[in-house]
Amino acid sequence: MSEKPQHRLGELMEQSNPPFRNVLSCVFGIEDHETRTYLVLLDYPGSTIEELASVLERDRSTVNRSLSTLVDRGLATRDRRLLDGGGYIYQYTAIALPEAKTMLHEALDAWTEQVHGVIDEFDGSTAN
């Protein structure tokens, strides 16, 4: 089950025309290297940590942490593949971009609704 993103929407408000990568990072509360991992994973579905580490030119432990975060946020899935000689490896696949965009819209809509509620409930009192 995915954990609730710790968004950084304040960062988006400071940018007049944020790039998609920044929107993805801020809304899902992920780091830039995790966003890059997600975008690369879109092009390499079913990749292993080792394969992604090679493509991203990052060490395996960093890629592993990035993938764990992406799975926690619901942006990637992890599947276990059995090896012919015994044992298994994990393969990772990014959720489809349209699904990620839907999740972004839903998160922003929920945040906007919450902010509208704060505005509507404000009664002019400095105690609020």
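The values are calculated or read from the model by the stated rules, or taken from the named source; none is laboratory data. The structure presented is a predicted model; accordingly, all values stated were derived computationally and were not measured. We place every Cβ from the backbone using ideal geometry, glycine too, and count neighbours over all the protein chains shown. In case anyone asks, the SASA skips ligands and DNA or RNA and just uses the protein heavy atoms, side chains included. Shrake-Rupley method; radii C 1.70, N 1.55, O 1.52, S 1.80 Å.
List pairs: first residue in the range 26-48 and under 17 Å from Thr93 (Cβ atoms) and free of Cβ contacts under 8 Å to residues at least 12 places away in the same chain, second residue among the small types (Gly, Ala, Ser) and open to solvent by 10 Å² or more (accessible area, probe 1.4 Å) anywhere in the structure, Cβ distance under 9 angstrom, at least six positions apart or on different chains. Short answer, once both residue conditions are applied: Asp43/Ala94; Tyr44/Ala94.
Residues that are under 29 Å from Ser66 (Cα atoms) and open to solvent by 90 Å² or more (accessible area, probe 1.4 Å) within the range 99-113 comprise Glu99, Lys101, His105, Glu106, Asp109, listed in sequence order.
With the requirement that a residue be at pLDDT 90 or above, among the β-branched types (Val, Ile, Thr) and open to solvent by 20 Å² or more (accessible area, probe 1.4 Å), what does the range 3-47 give you? The one that is at pLDDT 90 or above, among the β-branched types (Val, Ile, Thr) and open to solvent by 20 Å² or more (accessible area, probe 1.4 Å): Val40.
Looking at the range 52-62, is at least one residue open to solvent by 40 Å² or more (accessible area, probe 1.4 Å), within 21 Å of Ala96 (Cβ to Cβ) and either of a type outside the set (A, V, I, L, M) or in contact with a His (Cβ under 6 Å, 6 or more places away or on another chain) (or both)? It would help to see each step written out before you state the result.
To start, the set of residues in the range 52-62 that are open to solvent by 40 Å² or more (accessible area, probe 1.4 Å) comprises 54-55, 57-61.
If we keep only those that are within 21 Å of Ala96 (Cβ to Cβ) as well, we get 55.
After this cut, where a residue has to be either of a type outside the set (A, V, I, L, M) or in contact with a His (Cβ under 6 Å, 6 or more places away or on another chain) (or both) as well, the list is none.
Looking for residues that are open to solvent by 40 Å² or more (accessible area, probe 1.4 Å), within 21 Å of Ala96 (Cβ to Cβ) and either of a type outside the set (A, V, I, L, M) or in contact with a His (Cβ under 6 Å, 6 or more places away or on another chain) (or both), one finds none in the range 52-62, hence no.
So is Leu70 touching a residue at least 60 places away in the same chain (Cβ under 8 Å) and surrounded by 15 or more Cβ atoms within 10 Å (Cβ to Cβ) or not? Against the criterion (touching a residue at least 60 places away in the same chain (Cβ under 8 Å) and surrounded by 15 or more Cβ atoms within 10 Å (Cβ to Cβ)), Leu70 does not qualify.
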